[in-house]
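Taking it in order: structure first as structure tokens, then the write-up.
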Amino acid sequence: MLLSPRRVGESLNEGFAAVAQFQRPAAAAGRPAHDFLTLPDVSADVTIRGKLRYQTPEGVATLVRAQFDAGPLRARDVNAPTSAGDAYAQALYKWLGRQHLPFRFLNLKFSLLDADSVLSEISHQYEANSFTADASLYLAVSSDGEGIYEVCAHAEKLSRAHPQLMATALRLIEEASWRSAWIRTPSELLSHFAHFHWEGDETVADSETMECLIDRYGDDQETLQNYLPSVAREQLVPPALRLAQSGRRRRMGRRDYGLDPATLESLTRRQGVTRLCHELIHLRDLIRRARGRPLFNYSYRANPVYSAAALVWENDNRIQQLFDDLYDYDWNGGEATMHLGFIPIAQDAPAIRRQYADWQLAFQTMASIDRVIGHITNGTELEQS
């Protein structure tokens with residue numbers, strides 16, 4: 001069962017998936033054709049009007065009642081529902097649509113699936129048997145392609161305001177994305193490159209990789225030069241970004257968010273970076289409010305091939321080849337999907353209220369990320385929504 005908002009509001013197409021309506025079993029086999037198709041004679045004066053209804057599974061009906069009783073959904077958002085599930089889908093997509101203006105840089109889709117549909121989406125994965133299917137409905141968060149955005153054009157301007165301003169923006173985006181929706185950053189792309197060419201070690205020396213590179217690419221010096229750690233690191237995470245040489249920071253341990261709020265506040269008086277610094281203070285506060293927990297609490301992470309967005313120093317030939325390698329690796333591995341993960345829809349009142357509060361904070365976080373990306377890639381002075 002997949003539930004779609006399309007027929008109840010075309011204005012919701014921005015950022016939401018178009019999915020089919022209920023899937024239903026075919027008519028019972030073995031029934032005589034003449035018995036099934038023959039209709040009684042009815043006078044032409046009789047107005048005939050029929051409406052076909054299907055029984056809603058008991059678990060879905062129970063969940064929907066609990067959602068309308070305890071959640072922020074509005075009954076007035078429901079228009080001529082065909083079932084309890086359809087009523088919930090209409091109200092939920094309206095609620096999702098109220099949480100943000102359309103993103104300018106993030107590409108995310110949301111669809112409502114039952115457990116059987118989730119199993120169908122992940123049936124090709126080795127880990128599919130770890131999906132417990134313990135909820136009646138799931139919210140799927142997906143991306144069908146990621147935009148690639150350069151940060152090099154405005155790096156010098158930000159550096160003049162403060163040498164650590166760009167690094168602070170990237171670190172906060174990375175930290176916030178772990179709590180909301182996955183975004184690739186230059187540090188993560190270096191990690192990918194190291195996985196492909198240096199056995200996963202981002203800090204390896206040229207001399208330590210030479211033998212492996214010769215075995216793989218031959219002894220042509222021009223080709224080898226392209227894959228040397230000192231060369232690739234300079235292009236993927238150049239010194240101008242002032243990011244830690246060790247690459248992507250891990251999820252465990254103390255976080256380095258870059259500039260502290262007091263320093264960012266002092267920079268709001270600098271022309272050209274005022275709104276960016278205000279937004280970074282806001283994003284840092286949203287991260288603090290999440291208290292280290294994932295706001296989209298997936299019960300199953302679906303090995304997505306695409307992130308919501310990718311930030312690169314420069315979209316050059318190396319980056320284009322790296323993304324080609326990433327996509328080929330993911331799709332050819334047979335495990336990839338376009339879903340970031342599946343969130344079980346809560347059913348008891350406390351969990352429902354907590355889930356919507358987390359989702360609301362997640363959308364606020366993603367909207368802030370979206371504005372920060374606008375500042376550091378386009379120099380856009382985006383208005384606060």
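Overview of results
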read-out	value
Cβ-Cβ FRET estimate between Thr132 and Gln221, R0 fixed at 41 Å, reported to 0.05	0.15
Average silhouette area of the range 171-329, convex hull of alpha-carbon atoms, in square nanometres	11.3 nm²
Sorted peptide list for 216-223, 349-356, 227-234, criterion being average Cβ within 10 angstrom, highest first	227-234, 349-356, 216-223
Spatial separation of Cα centroids for the range 81-128 and the range 322-385, in angstrom	13 Å
Cα-based convex hull volume of the range 158-215 per residue, rounded to whole Å³	103 Å³
Trypsin sites (Lys or Arg not before Pro) restricted to DSSP loop in the range 258-302 with at most 12 other C-beta within 10 Å	Arg269, Arg291
Net lengthening on full extension, His278/Gln321 (0.36 nm per residue, minus Cα-Cα)	11.9 nm
Additional length obtainable on full extension of the chain from His124 to Cys152, 0.36 nm per residue less Cα span	6.1 nm
Förster radius 22 Å - calculated FRET efficiency between Ser266 and Glu314 (Cβ-Cβ, nearest 0.05)	0.15
Net lengthening on full extension, His195/Glu335 (0.36 nm per residue, minus Cα-Cα)	48.6 nm
Rg(Cα)/(2.2 N^0.38 Å) for the range 72-220, N = residue count	1.53
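Computed from the coordinates by the stated procedures, all read-outs in this text should not be read as laboratory data. Note that the structure is predicted; figures quoted are calculated from it, not measured. Cβ atoms come from the backbone with ideal geometry, glycine included; neighbour counts cover every protein chain shown.
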